[in-house]
Amino acid sequence: GYYEYLPYGYNPAGSQTYPVLIAFGGLSQNGDGTLAQLDYVFSNWGGPGWQIKNGKFPSSLTVNGELFRFIVILPHFSSGASPKGVDDVIAYIIANYKADASRIYLTGNSSGGGYCWDYPGLSVTYGKRIAAVVPTCAASSYNATKANNIAAATLPVWATHNAVDGTVCPCTTTSFVNGINAAPTAPNP
């Protein structure tokens, strides 16, 4: 299951498309799919789900004079997601929402942040399917192939990690950032 946040003025029959933010939670946000446990997607303090539930998520953003409103999808997994599972979510959103397929953004914390590394890291094709990723204290296993695929896709990454994280080693985030920047096809900043 998932929760959706639709922007003001969203019209499923209209022609306007919207950028999409897919926000993945960590392991503690997983559940069995019941409505009671689906609410776990709101429990990550400060994350997009928490902001939406508490009326703190901005209804729009203005950048360089241009107004942006986002579709936000908060997927709920029972035991985590594979890159194929993430791809299925993206395909579903493109097929069922007024989504701008060229502006799909992934973010997540802990294991959800790991999806931000694992999905585009699996293949350049997956990396080119999304506009950017923002992994936060991401739990994933670094390897050079993932970093090289993300770099080859020229996928923008803004990774954050607390230097004293006691659960997920910050070295993973550092390894990914360094690996992407050192890749044979390193992105041109």
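The values are calculated or read from the model by the stated rules, or taken from the named source; none is laboratory data. It should be emphasised that the depicted structure is a prediction, and the values quoted were computed from it without experimental measurement. Every residue, glycine as well, gets a Cβ built from its backbone with ideal geometry; the counts of neighbours run over all protein chains shown. Just the protein is used for accessible areas: all its heavy atoms, side chains included, with ligands, DNA and RNA removed. Shrake-Rupley method; radii C 1.70, N 1.55, O 1.52, S 1.80 Å.
I'd like the full set of residues that are open to solvent by 50 Å² or more (accessible area, probe 1.4 Å) and over 22 Å from VAL20 (Cα atoms), limited to segment 122-143.
The answer is SER141, TYR142, ASN143.
Just one of TYR142, TYR119 is touching a Ser or Thr at 6+ places or on another chain (Cβ under 6 Å), of a type in the set (Phe, Trp, Tyr) and farther than 30 Å from GLY14 by Cα; which is it?
TYR142
Just to verify a result, which residue in segment 101-121, among those that are part of a helix (DSSP H, G or I) and without any contact (Cβ under 8 Å) to a residue 60 or more places away in the chain, is surrounded by the fewest Cβ atoms within 10 Å (Cβ to Cβ)?
Out of the qualifying residues, it is ASP118.
Working only within segment 69-84, note down all residues that are open to solvent by 30 Å² or more (accessible area, probe 1.4 Å) and closer than 12 Å to LEU21 by Cα.
Once the filter is applied, which keeps residues that are open to solvent by 30 Å² or more (accessible area, probe 1.4 Å) and closer than 12 Å to LEU21 by Cα, segment 69-84 yields ARG69, PHE70.
Taking the residues in segment 85-100 that are under 23 Å from THR136 (Cα atoms) and without any contact (Cβ under 8 Å) to a residue 24 or more places away in the chain as candidates, determine which candidate is most open to solvent (accessible area, probe 1.4 Å).
Restricting to residues being under 23 Å from THR136 (Cα atoms) and without any contact (Cβ under 8 Å) to a residue 24 or more places away in the chain, the top hit is ASP88.
Anything in segment 154-182 that is within 21 Å of THR125 (Cα to Cα), open to solvent by 70 Å² or more (accessible area, probe 1.4 Å) and either in contact (Cβ under 8 Å) with a residue 60 or more places away in the chain or part of a helix (DSSP H, G or I) (or both)? List them, or say none.
Across segment 154-182, the qualifying residues are ASN181, ALA182.
Could you grab me the full set of residues in segment 45-71 that are within 17 Å of THR136 (Cα to Cα) and touching a helix residue (DSSP H, G or I) at 6+ places or on another chain (Cβ under 6 Å)?
Selection gives GLY49, TRP50.
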